[in-house]
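We did not get these values from a lab; they are worked out from the coordinates using the rules stated. Bear in mind the structure is a predicted one, so any value in this text is a computation, not a measurement. Because the Cβ atoms are built from the backbone with ideal geometry, glycine has one as well, and the counts that use them run over all protein chains shown.
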Amino acid sequence: MATKPRIVIVGAGNLGTALALSLQRAGYEIERVIARAPGTSLKKARALARLVGSKASVGLPREVQAEIVWFCVPDGQIEPAGRDLASKIDWEGRIALHSSGALTSDELDALRRRGASVASLHPMMTFVSGSRVRRPQPSLAAVPFAVEGDRAAVRVTRRIVNDLAGYVHVIRKQDKAAYHAWGAFVSPLFTALLASGEQVAAIAGVKRTEARRRVIPILLQTLANYASFGAPGAFSGPIVRGDVDTVQRHLRVLAKVPPARDAYLALARAALRYLPAKGKRELSHALRG
């Protein structure tokens, strides 16, 4: 592919929207946006198509010329979508990609059997509804993309990701579930931790919006410390000091918010295992629940 290949995006959700707009800015033609069905799905596809100067449709028309078809649908829809589109066009020589972090390229076996080269290509980035169109999108610059699949497809993904200013690392099929679980810890479950913190702020008399405002400086500094020094060097607070009395006070007041108390116990036990701390024996006893 001497010139930039044309791309079809299947799915106009958060990820599909962010990728389509990023690809267009990087000089790629989005030939078509594919919806799952008439109704809301098609409405979203048409809205995205207008933004990238493309067309929207339900299903792949036979006249599609794109060299790449990129599936940006929920995990459970990847394999059915591939099967559904397998007979719509000639797949020989085309590239089919999906962006699941947990599933492998084998989800697109129906297209592989028809001559496509397939791969999974997952960006380690979060995409939420507020970042789709009307608000700034997450930048894909410096974002790592995990790739596995057929050689020809992997070769093409390297060029695409380079044009997006990200970088590619190869992942083994058997490592994808653990890789995606890792991602869950650093974004969606981290968000759940912040939500739990808001509940604790409430019992301290701080409203949710004010709690969010107040924690931003310490969150940013924690991330800066982690980036500079790693987890051990960024760790602070009563556990690193071996302050058993403070930990016990925390646990007593957290009895008012049992889910947050459970999260505190689990994370504090992890801290004793993975991070520096004084008085680990006494702290372990205090954390027995």
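Just a few scattered comments:
- Assuming charge only on the beta carbon of Lys and Arg (+1) and of Asp and Glu (-1), the dipole of region 7-175 about its Cα centre is about 560 debye to the nearest 20.
- Paramagnetic label zone (point 7 Å from Cα along Cα-to-C-beta, S187; backbone N under 20 Å) in region 72-92: 72-79
- Gain on full stretching of the segment that runs from V58 to A202 - 0.36 nm per residue minus C-alpha separation: 47.1 nm
- In terms of surrounding Cβ atoms within a 10 Å radius of their Cβ, E31, E107, E67 rank from fewest to most as E67, E31, E107.
- Taking a Cβ cut-off of under 10 Å around W91, the surrounding Lys, Arg, Asp and Glu residues balance to a net charge of +3, with basic ones at +1 and acidic ones at -1.
- Subset of K44/K207; K43/K173; K4/K88 violating a 27 Å alpha-carbon distance limit: K44/K207; K43/K173
- Ordering S99, S196, S57 by the number of other Cβ atoms within 10 Å of each residue's own Cβ, fewest first, gives S57, S196, S99.
- For V73, residues with placed amide H under 5 Å, excluding near neighbours: S99
- Derived scalar couplings between HN and Hα for region 189-198 equal 6, 4, 5, 4, 5, 5, 5, 5, x, 5 Hz in order, rounded to whole Hz, by the Karplus curve 6.51 cos²θ - 1.76 cosθ + 1.60 (θ = phi - 60°), x for Gly and Pro.
- Model label zone, D262; criterion: amide N under 20 Å from point 7 Å along Cα-to-beta-carbon; scope region 197-241: 197-203
- Taking the DSSP bridge list for the chain and keeping only pairs wholly inside it, about 15 percent are antiparallel.
- Residue-wise HN-Hα coupling along region 161-177, computed from phi with Karplus coefficients 6.51, -1.76, 1.60 (Hz; x: Gly, Pro): 5, 4, 5, 7, 6, x, 9, 9, 10, 7, 10, 7, 4, 6, 9, 5, 4
- Counting only Cβ charges, +1 for Lys and Arg and -1 for Asp and Glu, the dipole size of the chain around its Cα centre is about 740 debye.
- Dipole check for region 88-176: with +1 at the C-beta of Lys and Arg, -1 at the C-beta of Asp and Glu, and the Cα centre as origin, the magnitude is about 200 Debye.
- Since only A266, I218, V10 are under comparison, the one whose Cα sits farthest along the positive direction of the charge dipole of the chain, derived from C-beta charges on Lys, Arg, Asp and Glu, is I218.
- Neighbour counting of Cβ atoms within 10 Å sorts the residues T157, T209, T222, fewest neighbours leading, into T209, T222, T157.
- Between the beta carbons of Q248 and Y167, assuming R0 = 35 Å, the FRET efficiency works out to 0.15 to the nearest 0.05.
- Maximal additional length on extending the A224-S284 stretch stands at 18.7 nm, based on 0.36 nm per residue less the C-alpha distance.
- Other-chain or far-sequence residues with amide H under 5 Å of V168's (modelled H): F145
- Proximal aspartates and glutamates relative to K55, as straight alpha-carbon distance under 18 Å, when same-chain residues fewer than 8 apart are discounted: E29, E31, E63, E67
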